[in-house]
Amino acid sequence: MIHLYYGDGKGKTSAALGLLLRASGAGLRVALARFLKDDTSAELIPLRTLPYVSLLPSPKKMKFLWEMTEEEKAACAADTRRLFEASVSQDCDVLILDEVTDAVNSGLLQEEALLSFLDRKPENMEVILTGREPSDSVKQRADYITQFLSRRHPYDQGFQARRGIEY
């Protein structure tokens with residue numbers, strides 16, 4: 001089935017990683033592709049030790065899109081397409097495409113590529129999508145939809161993301 005965790009609230013990736021833990025514990029093969037993220041997130045350290053879990057490579061360091069030059073954005077788009085192609089060709093039971101809707105919304109990944117994959121994904125593969133604002137076309141393909149809604153976040157008061165809590 002297809003799971004969609006979306007919205008502006010905190011916890012989308014955490015929910016996806018909770019499913020990863022459950023699936024790995026049950027002996028299911030899980031692949032995790034992280035879009036628009038580098039490899040500095042603290043959760044990667046224990047994830048690398050889990051059985052049955054494959055982490056697709058992320059950039060060592062990544063700027064926010066609004067900080068990138070046009071050349072850097074073009075290179076990021078090419079990397080995003082390569083990551084997507086590598087992720088959808090994984091032989092796994094569970095595929096997590098973290099922040100994939102943001103990759104689509106930012107123009108780094110064509111929505112048609114994502115929709116095509118969702119329409120032809122292996123029948124026995126669970127696919128988990130996360131991000132902020134999925135299109136209606138993505139929502140229509142989802143079997144599970146969970147929306148995260150932010151009511152309050154310290155970032156709104158000027159607090160920066162904290163290692164171990166937000167990343």
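The values are calculated or read from the model by the stated rules, or taken from the named source; none is laboratory data. No experiment lies behind these values; they were computed from the predicted model shown. Note: ideal-geometry Cβ built from the backbone for every residue, glycine included; neighbour counts use all protein chains shown. These area figures cover heavy atoms from the full protein model, side chains too; ligands, DNA and RNA do not enter into them. Shrake-Rupley method; radii C 1.70, N 1.55, O 1.52, S 1.80 Å.
How high is the relative contact order of the chain, given as a whole-number percent (alpha carbon pairs under 8 Å, six or more residues apart)?
Computed value for the chain: 39 percent relative contact order.
Mind checking the per residue accessible area of the chain for me, 1.4 Å probe, whole number of Å²?
So the chain comes to 58 Å² accessible per residue, rounded to a whole number.
Among the GluC sites (Glu not before Pro) within region 97-167, which fall in a DSSP loop and have no more than 13 other Cβ atoms within 10 Å of their own Cβ?
Here the sparse-neighbourhood loop sites are GLU123.
Among PHE117, PHE84, PHE64, determine the one that fluctuates most according to a GNM of the chain built with springs between C-alpha atoms less than 10 Å apart.
Residue with maximal mean-square fluctuation among PHE117, PHE84, PHE64: PHE64.
If I compute Cα extents along the principal axes in Å from the structure I just sent, which labelled value in (i) 97, 41, 32; (ii) 43, 31, 31; (iii) 69, 36, 28 lines up?
Of the labelled values, this structure produces (ii).
Calculate, in nm to one decimal, what ARG162 and ALA74 gain on full extension: separation in residues at 0.36 nm each, minus their alpha carbon distance.
Numbers: separation 88, 0.36 × 88 = 31.68 nm, distance 2.91 nm.
Gain on stretching ARG162 to ALA74: 28.8 nm.
Expressed as a whole percentage, what fraction of the accessible surface of the chain belongs to carbon and sulfur atoms when a 1.4 Å probe is rolled over the protein heavy atoms?
Details: 4890 of 9600 Å².
So the carbon and sulfur contribution to the accessible surface is 51 percent.
State the number of lysine pairs found in region 1-132 whose Cα atoms come within less than 19 Å, restricting to pairs 8 or more positions apart or on distinct chains.
Lysine pairs meeting the criterion: 9.
If I model a spin label at ARG132 and ARG120 as a point 7 Å from the Cα along the Cα→Cβ vector, what separation in nanometres do I get?
Each label point is offset 7 Å from its Cα along the Cβ direction, giving 3.1 nm.
Of the peptides 152-158, 36-42, how do they stack up when ordered by the mean number of other Cβ atoms within 10 Å, highest first?
Result, highest mean first: 36-42, 152-158.
Where in region 51-107 are there trypsin sites (Lys or Arg not before Pro) that are in a DSSP coil and have at most 16 other Cβ atoms within 10 angstrom of their Cβ?
In loop regions of region 51-107 (DSSP not H, G, I, E or B), the sparsely surrounded trypsin sites (Lys or Arg not before Pro) are LYS60, LYS61, LYS63.
Measure off 7 Å from each Cα along the Cα-to-Cβ vector at ARG151 and THR40, then give the distance between these two points in nanometres to one decimal.
3.2
For the chain, which DSSP H helices look membrane-span-like by this rule: Cα extent along the axis of 18 Å or more and mean Kyte-Doolittle of at least -1.0?
Counting only whole DSSP H runs, the qualifying helices are 12-25, 70-88.
Restricting to DSSP H runs of at least four residues, report the calculated mean residue ellipticity at 222 nm for the chain, -39500 (n - 2.57) per run over all residues, nearest 500 deg cm²/dmol.
-10500 deg cm²/dmol
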